[in-house]
Amino acid sequence: MSDPWDSTDLDGKAVIDPANIDTLDSLEQSVYIDKAAHKSDPYRYSALTSKALQYVQTLSGKEWSDFNRHDPGVTVLEQYCYGLTDLTYRANQPIENLLADPDGVTQYHAHGLYAPSEIYPSAAVTDSDFKRLFLDRLSDIEDIHFKPVNQSSADDAGAYTGLYRVHVKLTRQAMVAGLENQNLRMSDKIRQLFCQHRLLGEDIESIHYVEGIACEVVADVEVSESVVPSDLLAELYHQCAKVISPRAQFSDYQQKISAGMPLHKVFEGPAIYQGFLDVQGPSNDGPSTDGQVVDITTLTQVIQAISGVVSVEDISLVVDGQHYHDSVQLQDDRKTLYLKIPKDIALMRVTLKRNGKKIPFLMDNFKHRISSLRENNEHSGGGSYQYHRLVKRPQGLGLAHTAYHSIQHQFPNTYRLSDVSTGELGQRTRDEVRQFRTYLMFFDQIMANGIEHVQSIDQLLSINNNDRKQLGASFLDRTIINDVEMIYDFPESIAEKKINQITGYYEQTLQKRHQALDFLLAANGEQYAEESLRRFNYFYNAQEIEHELLRQKQRLLKNIVALNRDRGLGFNYLEKSLNTENTSGLHAQVSHRLGIRQVESRTLTVNFVRLGLKLVSDSSYRATSLDRTEPRFVQLDDIEQFKKLDFQIVSRELAQQSARKLGDLLPLVKDLLPFRHNQLSEKIFREGYELARYRIGSITSGADYQLAFQPLDDSPPYYLGSFPSLEQGIQSANALQKIILWLNRDSEGLHVVEHLLLRQAESLRFNGLSVDIPKEVFFYQQVTVVLPNWTVRFNDPEFKAYCEDSIISHCPAHILPNIYWVGYEVMFHFEVLHREWASLLKDPLSETKDRIESSKALADFMLLLFISDQLTHGLSWLGGRS
């Protein structure tokens, strides 16, 4: 190869020969500063000063025409531009540098940023998806198909939509194992994996296994001198086994990516960890109805392709003692051939020959070699760890957060800015210097805030940051500016508070954090309906609602990968669901979109039970004589007739002095009537979150204070209790208000029940009578969504409509959601039945009779809701409005 530097110019300097330019590709690139790029940088010092002077000329050209470099105004301008170069340098750092910690590690998840391997994968939807998923996760499966039950088929008449018949072909090793309970154990694994990835309204009806039939290869093989007999035999059996029992082959992800395959194609479908797997789905009827065919000619070609094989003679395949020399075809698709590997030398039916003479081999070496080939053939990939590192994410440099360096330190010594605290200056000069430094602090504050903005970008974009401190504002203390206390008219602590108040007014940290999270949501293709939730805000003041919405957005970003991937999934009924996040995708989506504080599946009435309360209607509460020894309900209209009586509204300022933890609140309300008699009116519950509803006053001129609750509709107030002092009454009112607020928020939630999972209850009962309802009316492709109507927000008709729209929009299009709003007692009864049913459903050891009875009880209860809704809305059982 010629030297690329073999030419010289007229001056004798080396030049590059264009013909040899390709040889330079391997040379290390020089690291240098691009002068051309620097000259075009609009934020370089010369560009900034030039632009600034243009503004000066435009704004004050008539008053200031004498331009001199030593002019103080020009000096200030130059120092300010010099300071801006530091700010622009920091601001123009790559985003990975700004988000990295001091060690250079970027916590992407902490900033709502996810890798392609997390964003692109979806749930398994098609037969091909499930096939790839099961081949990846269960090593004993060679092939699998999920055949939907076809109602149009005569064999499936009366079957349920959404059920699958699973056809499984085990590997040769699994078939050879021959354990009696092999299929049973594999069925458990299949059901467990299926339930982890089960779509809403779908389930397995039955699992069928393809019967394995052993076959043997018989052949005389002429080999060359150089082969190792045991190794060649192992390779022969390995290749023949692959022809007779072909397995889907995983390919390397990096090869696909390097070949230019788009990432959305690489990561399409469910996450497959062992490698890229491209499989074809079955025909419309699932696996082919034709039996397996093995061509003997193909076996011959495979053997002849092995290195060291000279020829193949007298080859046949033995099945059930019969020799096949052309091909083997099974007539039953429920059977499959697998190659029997001999375990003893006497059972070896392949003969190796050299020059027509049989040659010996070592059986132990044969076994070891074929085991090694089998292990190498099973592509191990790298598991989930390597899968999520296929695409390298940029890692930033750890930039140390340094404080702002004041431009006052850059001024020439003639300005005497550092001598203001010494006695070398006269009083007048000191005052002038102090005045000038105060003027410069305006510029200092702007640039210090700018640097703080840049250095807090990681906090601004954090989805874990719940700190309410102000971002983007810096206080200029003595570490930044010498003798700064001479400029402030207040002590430093007070000055800092005042400066932060001023900068906070303009910085609007909360608004910027909302904008940052909106940006991250938009980057993930999402938008949070905050205006709708502001409209239905019952629990927070103007400041609190913004922080609550911020928390909701952060929660959405933390769970956005799972929410989008699993939006169509049902819950895993083989695992515990109560008080866990084992919920359906519909449940999770709606909970996040509606701002429900607790998204896990839980009992909505349990908080009342724990507090010993029962929620009753207003009429029942008033009709019940709670305690005849208590005074009658306070009539505020009557009280106002007495000049000495002054029933006041409990103020929010006093409320803030009350205890905040539930354990601290309960002792303050134990003597109130609702807790003494274990009953709480729905009206008090729905309106008692407002402190303005509570009244307190004295009938006995300050000797005794009565606490009452005044409803919004100006109906007679409810007497709550008496107290020896005003302070105790106010404390009790505040405590009750906080408990009711907590109960309202924590009672929000929903239950999603898939009708298909209740299919064991085929005969339903209404008022004790058997009801013959067509299956398509109740069991097919439907879910029941049960929500409480007793909380203040869930009792709002407009919010109910908004909630129903959200359920319908996030429910899979082929699933019909039946939405029911129920009262406390109905919900309590439903949750008892639902909890028992879910517990029995997940327990494989539970009695079949118990599961059937539990399914019937829950289905019967849901039927009551169904028929009641049909009668209320005038609907026919076929689903149309009459």
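Residues Lys469, Lys614 in ascending order of nearby Cβ atoms (within 10 Å, fewest first): Lys469, Lys614.
Taking only the C-alpha atoms, wrap a convex hull around region 513-622 and report its volume per residue in Å³ as a whole number.
Details: hull volume 16.7 nm³, N = 110.
Cα convex hull per residue, to the nearest whole number: 152 Å³.
Per the Debye formula with a single identical scatterer at each Cα and no solvent contribution, what log10 I(q)/I(0) holds for region 384-507 at q = 0.09, 0.21, 0.22, 0.23 Å⁻¹? Calculated log10 I(q)/I(0) at the listed q: -0.38, -1.26, -1.33, -1.40.
Set the Cα radius of gyration of region 521-564 against 2.2 N^0.38 Å, with N its number of residues, and you get 1.23. Based on the Kirkwood radius over alpha-carbon pairs, what value in µm²/s does the Stokes-Einstein equation return for the translational diffusion coefficient of region 127-386 at 20 °C and 1.002 mPa s? Diffusion coefficient, whole number: 104 µm²/s. When each of Arg693, Arg567 is scored by the number of other beta-carbon atoms lying within 10 Å, the sequence from fewest to most is Arg567, Arg693. Per-peptide packing, taken as the mean over residues of other Cβ atoms within 10 Å, places 860-868, 812-820 in the sequence 860-868, 812-820 from highest down. Given in Å, the Rg to one decimal and the Dmax to the nearest whole number for the Cα atoms of region 66-220 are 32.0, 107. Each residue in Ile545, Ile370 was given a count of other beta-carbon atoms within 10 angstrom of its own, and listing them fewest first yields Ile545, Ile370.
Note on region 318-376: semi-axes of the ellipsoid equivalent to its C-alpha gyration tensor, largest first and rounded to whole Å, are 26, 18, 10. In this simple spin-label model, placing a label point 7 Å from the Cα along the Cα-to-Cβ direction at both Val176 and Leu578 gives a separation of 4.8 nm.
The packing ranking of peptides 779-789, 391-401, highest mean first, is 779-789, 391-401, where packing means the average number of other beta carbon atoms within 10 angstrom of each residue.
Exceedance of the 20 Å cut-off in Cα-Cα distance is limited, within the set Lys169/Lys576; Lys469/Lys497; Lys169/Lys335; Lys189/Lys256; Lys147/Lys242, to Lys169/Lys576; Lys189/Lys256; Lys147/Lys242.
Here, each number is a calculation from the coordinates, and none is a lab measurement. Nothing here was measured: the structure is a model prediction, and the numbers come from that model. Note: ideal-geometry Cβ built from the backbone for every residue, glycine included; neighbour counts use all protein chains shown.
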